[in-house]
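S.K.: If you scroll down you'll find the structure; I have some questions about it.
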Amino acid sequence: MGWGNIWKEDKEYGTKNVKKQNFKKSSQEGFKTAIEFKKKEFQSSFYDPTNDFSERSLSFEIRVDPLTGETSRVVPETGIEFQGREDLSDLIKESEGCFFCSENVERLTPKFKEDLIEEGRIEVGDAVLFPNLFPYGKYSAVCTFSGEHFIPVGKFTPKLMKDALIACRVYAERVHAIDEEAKYCTVNWNYLSPAGSSLMHPHLQSLIEVCPTSA
Ligand SMILES: [Zn+2]
């Protein structure tokens with residue numbers, strides 16, 4: 001069964017049908033079975049820098065709220081701890097030379113499979129876009145703004161922003177070219193640990209899906 005068909009099945013659990021389903025099930029099976037917690041597991045594949053760029057498939061889950069029809073994504077275990085502190089100077093210094101820094105990005109970040117991005121990664125200006133090592137969608141990517149490890153919030157230039165967003169747009173176009181159903185794109189950015197980011201190095205996350213993420 002294809003990705004699109006699986007989603008079409010899941011859509012039946014959307015808000016519109018919930019009341020009808022619950023009513024039908026209640027009358028047939030009793031109240032205890034009226035709510036069903038539905039989840040499905042999907043795979044995302046890329047070339048893994050932690051294992052000589054061999055092909056790796058990771059699974060992630062999409063869960064559907066039986067009452068609202070809203071969906072949630074459960075990512076693989078990252079092993080990264082979120083830091084709640086506000087003075088970040090020590091953290092920034094300690095984490096210099098990370099996977100995303102210019103001297104490491106080619107060696108330590110994943111590459112796309114050739115059928116999607118033949119050149120492995122998408123580069124626009126200083127921005128580099130590559131597969132998310134912890135995917136939460138079939139088409140799940142990370143885009144660094146540049147090789148610079150830390151950029152204060154007020155120092156992001158229009159060019160840095162533009163190049164990273166163009167890289168995300170190119171990614172969406174390339175995905176859509178091989179998978180017509182994948183036409184819903186999100187670009188997310190939570191910068192620095194007080195915003196929930198697990199890495200200091202500035203980056204965006206892009207997701208292309210066959211269905212809006214909460215539909
Ligand atoms: Zn870095």
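The values are calculated or read from the model by the stated rules, or taken from the named source; none is laboratory data. Because the structure is a prediction, the values reported are computed rather than measured. With ideal geometry, Cβ positions are generated from the backbone for all residues, glycine too; neighbour counts draw on all protein chains shown. Ligands, DNA and RNA are stripped out before the accessible areas are found, and what is left, the full protein with its side chains, is counted by its heavy atoms. Shrake-Rupley method; radii C 1.70, N 1.55, O 1.52, S 1.80 Å.
S.K.: Could you count how many residues in region 116-147 are closer than 15 Å to Glu106 by Cα and among the basic types (Lys, Arg)?
M.R.: Count: 1.
S.K.: Report, ordered by the first and then the second residue, all pairs with beta carbons closer than 6 Å, sequence separation of six or more or different chains, a first member in region 46-70 that is closer than 22 Å to Ala34 by Cβ, and a second member that is in a helix (DSSP H, G or I) and open to solvent by 30 Å² or more (accessible area, probe 1.4 Å).
M.R.: Between residues of region 46-70 that are closer than 22 Å to Ala34 by Cβ and residues that are in a helix (DSSP H, G or I) and open to solvent by 30 Å² or more (accessible area, probe 1.4 Å), the close pairs are Gly69/Thr15.
S.K.: Scanning region 200-214 for residues that are part of a loop (DSSP other than H, G, I, E, B) and surrounded by 19 or more Cβ atoms within 10 Å (Cβ to Cβ), which turns out modelled with the lowest pLDDT?
M.R.: Our first condition is that a residue be part of a loop (DSSP other than H, G, I, E, B); within region 200-214, this holds for 200-202, 210-214.
Next, only the ones that are surrounded by 19 or more Cβ atoms within 10 Å (Cβ to Cβ) stay: 200-202, 210-211.
Numbers: Met200: 91, His201: 96, Pro202: 97, Val210: 87, Cys211: 81.
Among those residues, the one meeting the criterion is Cys211.
S.K.: Out of Pro158, Pro131, Pro152, Pro135, report the one residue that is of a type outside the set (A, V, I, L, M), modelled with pLDDT under 95 and farther than 25 Å from Glu70 by Cα.
M.R.: Exactly one of Pro158, Pro131, Pro152, Pro135 is of a type outside the set (A, V, I, L, M), modelled with pLDDT under 95 and farther than 25 Å from Glu70 by Cα, namely Pro152.
S.K.: For region 114-131, enumerate the residues that are assigned to a loop (DSSP other than H, G, I, E, B) and either open to solvent by 10 Å² or more (accessible area, probe 1.4 Å) or within 16 Å of the ligand (Cβ to nearest atom) (or both).
M.R.: Those that are assigned to a loop (DSSP other than H, G, I, E, B) and either open to solvent by 10 Å² or more (accessible area, probe 1.4 Å) or within 16 Å of the ligand (Cβ to nearest atom) (or both): Glu114, Asp115, Leu116, Glu118, Glu119, Arg121, Gly125, Asp126.
S.K.: Okay, moving on. Which one of these does Lys38 not meet: (1) in contact with a helix residue (DSSP H, G or I) (Cβ under 8 Å, 6 or more places away or on another chain); (2) modelled with pLDDT of 85 or more; (3) open to solvent by 60 Å² or more (accessible area, probe 1.4 Å); (4) among the charged types (D, E, K, R)?
M.R.: In the conditions (1) in contact with a helix residue (DSSP H, G or I) (Cβ under 8 Å, 6 or more places away or on another chain); (2) modelled with pLDDT of 85 or more; (3) open to solvent by 60 Å² or more (accessible area, probe 1.4 Å); (4) among the charged types (D, E, K, R), Lys38 misses (3) alone.
S.K.: Take Ser27 and decide whether it is touching a Lys or Arg at 6+ places or on another chain (Cβ under 6 Å), of a type in the set (S, T, N, Q) and either open to solvent by 60 Å² or more (accessible area, probe 1.4 Å) or modelled with pLDDT of 90 or more (or both). Spell out the reasoning first.
M.R.: Values: touching a Lys or Arg at 6+ places or on another chain (Cβ under 6 Å): no; of a type in the set (S, T, N, Q): yes; either open to solvent by 60 Å² or more (accessible area, probe 1.4 Å) or modelled with pLDDT of 90 or more (or both): yes.
Against the criterion (touching a Lys or Arg at 6+ places or on another chain (Cβ under 6 Å), of a type in the set (S, T, N, Q) and either open to solvent by 60 Å² or more (accessible area, probe 1.4 Å) or modelled with pLDDT of 90 or more (or both)), Ser27 does not qualify.
S.K.: Just one of (1) part of a strand (DSSP E or B); (2) in contact with a Lys or Arg (Cβ under 7 Å, 6 or more places away or on another chain); (3) farther than 21 Å from Glu96 by Cα trips up His176, so point out which.
M.R.: (1)
S.K.: Take the residues in region 83-108 that are open to solvent by less than 80 Å² (accessible area, probe 1.4 Å) and away from the ligand (no atom under 11 Å from the Cβ); name whichever of them is farthest from His176 (Cα to Cα).
M.R.: My answer is Ser89.
S.K.: Considering only region 133-189, how many residues are open to solvent by less than 80 Å² (accessible area, probe 1.4 Å), within 16 Å of the ligand (Cβ to nearest atom) and in contact (Cβ under 8 Å) with a residue 12 or more places away in the chain?
M.R.: Residues meeting the conditions: 13.
S.K.: If a residue has to be hydrophobic (A, V, I, L, M, F, W, C) and over 17 Å from the mean Cα position of the chain (by Cα) to count, how many in region 167-181 make the cut?
M.R.: Residues that pass the stated criteria total 2.
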